[in-house]
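Engineer: Take a look at this one; I'll ask things after.
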Amino acid sequence: MTRALALIDGEHYAPVVRAALEELPYDFVAAHLVGGTEKLRGDSDYGVVLAEDLDRALSEHRPELVVDLSDEPVLGPRERFRLASRVLAAGFPYVGADFRFDPPELQAFPLPSIGIIGTGKRVGKTAITAHAARLYARDRKVVVVAMGRGGPPEPEVAKVAPGIDALLELSRAGRHAASDYLETAALVGVETIGCRRCGGGLAGSVSISNVHQGAKLAVDLAPDLVLFDGSGAAIPPIETSRRVLVVNAATDRDVATGYLNGFRHLVSDLVVLTMAEEGSGWEELRDAAAELAPRVVATTLRPHPAEPVEGRTVAFFSTAPESAHDMLAAHLRAEHGADVVHVSGSLSDRRTLIEELEHIKADVFLVELKAAAIDVVAEAARERGVDVVLAGSDVLTVDDKDLDAELLRLAEEAA
C-alpha cells in the first residue's frame, strides 16, 4: 500500500478520523493536526503517530503522498492552497476528497543551470531572462533554452541573432516569428534553443513539451551555464540548479502569492518583482513574497531600442496597458531622443492593431518582439518603406537591492 501522511483537524471526532484512516486505501505512517479544538479530547487516539511539525514529519516519515482529511472551518481555500504549496515544494503529492495536486516532474540536468519562471503571462519574464543572459555572457558561454506556446515542432538552435528579414521569412512560412527564443536570440545574441509546450497545470506542469530534447541540444553546445526560460506560469520540466521567479508587482497579492503560486515562491531562490512603479503599492506584495522566498528584488522595465532612434519620429508597439503609455513615451523621449508620435499596447490584439496602423505615420516602428510584431507590424512597415527597430527592456531596480549581484550569486551557486 501507498505510504501516506494524514492531515487531520480537531473539528472531527477522533473515532471518525481513526475509522477513515483504517478504511482508506493507504498505509498511514503518521498524522499531523492542522488546527481546530471543538471535538478534541485529551484521550484522543488516532491509531497512528501524531506529528507536531509538518516539515519534520515529511522528512522523517517520507510518505509517498499527503492525504488531507481536514475541512472548513479549519482549512479554508486560502489555507488549503498554502498547505498544498508547502507539501508540493517538499516534493510530495497532495490529495483530498475530490482533488489531487502533484509536483511537476523534473528531469535531472548535468550542467549548471538556472530556471526563470513566472506567475503568468506578461510579467516581464523574458525581459529578466534577456537581462540575466546578457549579464552572464560577459564572462561565460551561455545557452538559453526557451519554452513557448508557439515554439517549433523540433527544438531549434538560433546561433545567429535573427534580423527583421529573417523573422519575416519565418512568419511568411507560417511560423510564429515572435517566439520567446527568437526574442532572446535577437536582443542578446547568445545561442538560444526554441522549444514548445502545450497546457499548463496549477503547479506549473505541462501537458506536452519537447524541452527534454532541447536540454540535450544544450548539453551538446558545451556551455558554462544554461538558462531555462519558462512559459507563462508553466515551469520547464528540468531540475535546474537554481530558480528565479518573476512576478508582476501590479498583480493582486492574494493571486501572486496565493493558490499554487505559493509553491512557485517556495521553490525559487530569488523573486524579481517587475512593474514596481512608484505609488503602485508594490511594497505590500514584496512583503508577502518575502514570507515565502529567501530574496526579493523589485524592478521596473523601460524600453530600450536595439538601434539608435534619436531625432526620428517613432511609433512604439508593445503589450503595455494604456495607463503606462505616457510614461513609456516620456522615457523614449528623455533617454533615447525619440520623437514619439504614437504608443500602442495592441500587439496581442491583431484586429485593433491593424486599425491603429491605418492612421500612424512615423519614420520608425519600434516594436517589442511579441505576438503580432512581425506578421502585422513589420509587414506593414515593409509595405510603407518604414524602418523597423526591435525594442528590448532595461531592468532598473527600485529598492536598495542589487539585482545583478543576486543573479551572479545564483550563477556561482549553480556552478
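The values are calculated or read from the model by the stated rules, or taken from the named source; none is laboratory data. This is a predicted model, so every value here is computed, not measured. Reconstructed Cβ throughout: ideal geometry from the backbone, glycine too, with neighbour counts over all protein chains shown. Ligands, DNA and RNA are stripped out before the accessible areas are found, and what is left, the full protein with its side chains, is counted by its heavy atoms. Shrake-Rupley method; radii C 1.70, N 1.55, O 1.52, S 1.80 Å.
Engineer: Once a ≥ b ≥ c are taken as the square roots of the eigenvalues of the Cα gyration tensor of segment 155-314, is the result rounded (a/c under 1.5), prolate (a/b larger than b/c) or oblate (a/b not larger than b/c)? Don't skip to the answer; put the middle values down first.
Structural biologist: Numbers: a/c = 2.00, a/b = 1.26, b/c = 1.59.
Oblate shape, in that a/c is at least 1.5 and b/c is the bigger or equal ratio.
Engineer: Rounded to two decimals, what is the ratio between the C-alpha radius of gyration of the chain and 2.2 N^0.38 Å? Don't skip to the end; give the middle numbers.
Structural biologist: Details: Rg = 24.4 Å, N = 415, 2.2 N^0.38 = 21.7 Å.
In units of the globular-protein estimate, the chain measures up at 1.12.
Engineer: Oh, and also: Give me the 1.4 Å probe accessible area per residue for the chain, excluding ligands and nucleic acids, in Å². All intermediate terms of the calculation are to be shown ahead of the outcome.
Structural biologist: On the way: 18620 Å² over 415 residues.
So the chain comes to 45 Å² accessible per residue, rounded to a whole number.
Engineer: Next question, about the same structure. With the Cα gyration tensor of segment 264-415 in hand, convert its eigenvalues to equivalent ellipsoid semi-axes via √(5λ) and list them largest first in whole Å. Provide the component values of the computation, followed by the final result.
Structural biologist: Details: eigenvalues 229, 49, 47 Å².
Equivalent ellipsoid of segment 264-415: 34, 16, 15 Å, largest first.
Engineer: Which of the listed residues, SER207, GLY148, SER241, is farthest toward the dipole's positive end in segment 139-248, when Lys, Arg count +1 and Asp, Glu count -1 at the beta-carbon?
Structural biologist: Among SER207, GLY148, SER241, the one farthest towards the positive end of the dipole of segment 139-248 is SER207.
Engineer: Write down the Å³ per residue value for the convex hull defined by the alpha carbon atoms of segment 174-269. It would help to have the intermediate numbers written out before the result.
Structural biologist: Working: hull volume 12.8 nm³, N = 96.
Per-residue hull volume (Cα only) is 133 Å³.
Engineer: Calculate, for GLU358 and ASP400, the FRET efficiency according to 1/(1 + (r/R0)^6) with r their C-beta to C-beta distance and R0 51 Å; round to the nearest 0.05.
Structural biologist: Values: r = 47 Å, r/R0 = 0.92.
That gives a FRET efficiency of 0.60.
Engineer: Right, something else. Roughly speaking, to the nearest percent, how much of the chain's 1.4 Å accessible area is carbon and sulfur? Mind showing how you got there, number by number?
Structural biologist: Details: 8690 of 18620 Å².
Result for the chain: 47 percent of the exposed heavy-atom area is carbon or sulfur.
Engineer: How long are the semi-axes of the equivalent ellipsoid of segment 291-362, taking √(5λ) for every eigenvalue λ of the Cα gyration tensor, in whole Å from largest down?
Structural biologist: Gyration-tensor ellipsoid for segment 291-362: 27, 18, 9 Å.
Engineer: Let me ask you something else. What shape does segment 81-215 have by the C-alpha gyration tensor, where a ≥ b ≥ c are the square roots of the eigenvalues, rounded means a/c under 1.5, and otherwise prolate means a/b greater than b/c and oblate the rest?
Structural biologist: Cα axes put segment 81-215 in the prolate bin.
Engineer: Roughly how many nanometres apart are two label points built 7 Å out from the Cα toward the Cβ at SER207 and ARG3?
Structural biologist: Placing both labels 7 Å beyond Cα along the Cβ direction yields 3.5 nm.
Engineer: Using a/c under 1.5 as the rounded threshold, could you call segment 1-63 rounded, prolate or oblate? The axes a ≥ b ≥ c are square roots of the C-alpha gyration tensor eigenvalues, and prolate needs a/b larger than b/c, oblate otherwise. Don't skip to the end; give the middle numbers.
Structural biologist: Numbers: a/c = 2.28, a/b = 1.30, b/c = 1.76.
Oblate, because a/c is 1.5 or more while a/b does not exceed b/c.
Engineer: Can you tell me the FRET efficiency between GLU322 and ARG253 if r is taken as the Cβ-Cβ distance and R0 is 25 Å, rounded to the nearest 0.05? List each step's numbers first, then the result.
Structural biologist: On the way: r = 23 Å, r/R0 = 0.93.
With a Förster radius of 25 Å, E is 0.60.
Engineer: Same structure again: Give me the distance between the Cα centres of segment 341-368 and segment 122-162, rounded to whole Å.
Structural biologist: 26
Engineer: How are the alpha carbon pair distances in segment 58-149 distributed across 10 Å bins from zero to the largest one, expressed in percent?
Structural biologist: In whole percents, the pair-distance histogram is 12, 31, 27, 21, 8, 1.
Engineer: Rounded to a whole number of µm²/s, how large is the Stokes-Einstein D of segment 358-415 at 10 °C and 1.306 mPa s, given Rh as the Kirkwood radius over C-alpha pairs? Spell out each step's value before the answer.
Structural biologist: Working: Rh = 14.5 Å.
Approximately 110 µm²/s, per Stokes-Einstein.
Engineer: Okay, moving on. Extension gain GLU154-GLU412, at 0.36 nm per residue separation less the Cα-Cα distance, in nm? Walk me through the numbers on the way to the answer.
Structural biologist: Values: separation 258, 0.36 × 258 = 92.88 nm, distance 3.14 nm.
My answer for the length gained is 89.7 nm.
Engineer: Using the beta-carbon distance between ARG140 and THR313 and R0 = 51 Å, what value does 1/(1 + (r/R0)^6) give for FRET efficiency, to the nearest 0.05? Each step should come with its number before you reach the end.
Structural biologist: Working: r = 40 Å, r/R0 = 0.78.
Once rounded, the FRET efficiency stands at 0.80.
Engineer: Relative to the first principal axis of the alpha-carbon coordinates of the chain, what is the inclination of helix 14-23, with its axis defined by its Cα atoms, in degrees from 0 to 90 and to the nearest 10?
Structural biologist: 70
Engineer: Something else about it: For segment 244-308, state which GluC sites (Glu not before Pro) are in a DSSP loop and have at most 12 other beta carbons lying within 10 Å of their beta carbon. Show your work: numbers first, answer last.
Structural biologist: Values: sites: GLU277, GLU278, GLU283, GLU284, GLU291; in loops: GLU277, GLU278, GLU291.
Answer by residue number: GLU278, GLU291.
Engineer: How large is the translational diffusion coefficient of segment 190-238 in µm² per second when you combine the Kirkwood radius over alpha carbon pairs with Stokes-Einstein at 37 °C and 0.692 mPa s? Display every interim value, and only then the final one.
Structural biologist: Working: Rh = 11.4 Å.
Estimated diffusion coefficient is 288 µm²/s.
Engineer: Report, to the nearest 10°, how far helix 211-220 tilts away from the longest principal axis of the Cα atoms in the chain, using its own Cα long axis and a range of 0 to 90°.
Structural biologist: Roughly 70 degrees, rounded to the nearest 10.
Engineer: Given 37 °C and 0.692 mPa s, how large is the Stokes-Einstein diffusion coefficient of segment 233-315 in µm²/s, with Rh as the Kirkwood radius over Cα pairs? Could you put the intermediate results ahead of the total?
Structural biologist: Values: Rh = 14.3 Å.
It comes out at roughly 229 µm²/s.
Engineer: Per residue of segment 131-140, in order, report the coupling 6.51 cos²θ - 1.76 cosθ + 1.60 (Karplus, θ = phi - 60°) as ³J(HN,Hα) in whole Hz, putting x for Gly and Pro.
Structural biologist: Coupling constants for segment 131-140: 4, 5, 4, 5, 5, 5, 5, 4, 9, 9 Hz.
Engineer: Among the GluC sites (Glu not before Pro) within segment 313-415, which fall in a DSSP loop and have no more than 14 other Cβ atoms within 10 Å of their own Cβ? If you can, show how the numbers build up before the last one.
Structural biologist: On the way: sites: GLU322, GLU335, GLU355, GLU356, GLU358, GLU368, GLU379, GLU383, GLU406, GLU412, GLU413; in loops: GLU358.
Here the sparse-neighbourhood loop sites are GLU358.
Engineer: A follow-up question, please. Could you tell me what a quarter of the Cα convex hull surface of segment 125-180 works out to, in nm² with one decimal place? Before the final figure, lay out each step's value.
Structural biologist: Working: hull surface 17.5 nm².
Computed as one quarter of the Cα hull surface, the answer is 4.4 nm².
Engineer: Measure nothing but the geometry: give the 0 to 90° angle between the long axis through the Cα atoms of 403-414 and the longest principal axis through the Cα atoms of the chain, rounded to 10°.
Structural biologist: 60
Engineer: Here's a follow-up. How many times 2.2 N^0.38 Å is the alpha carbon radius of gyration of segment 297-339?
Structural biologist: Values: Rg = 10.8 Å, N = 43, 2.2 N^0.38 = 9.2 Å.
Here the Cα radius of gyration is 1.18 times the empirical estimate.
Engineer: Once the piece of chain linking GLU79 and ASP55 is laid out straight, how much longer is it, given 0.36 nm per residue of separation minus the C-alpha distance between them? Mind showing how you got there, number by number?
Structural biologist: Details: separation 24, 0.36 × 24 = 8.64 nm, distance 1.60 nm.
The span from GLU79 to ASP55 would gain 7.0 nm if fully extended.
Engineer: Now for a separate question. Only four residue types carry charge here, +1 at the Cβ of Lys and Arg and -1 at the Cβ of Asp and Glu. Report the dipole size of the chain about the Cα centre in Debye, rounded to the nearest 20. Please list the in-between numbers first.
Structural biologist: Values: 42 positive and 65 negative charges, 189 e Å.
It comes to approximately 900 debye.
Engineer: Right, another one. Compute a Gaussian network model of the chain, connecting alpha carbons closer than 10 Å, and tell me which residue from ILE360, ILE238, ILE128 fluctuates the most.
Structural biologist: Of ILE360, ILE238, ILE128, the most mobile in the Gaussian network model is ILE360.
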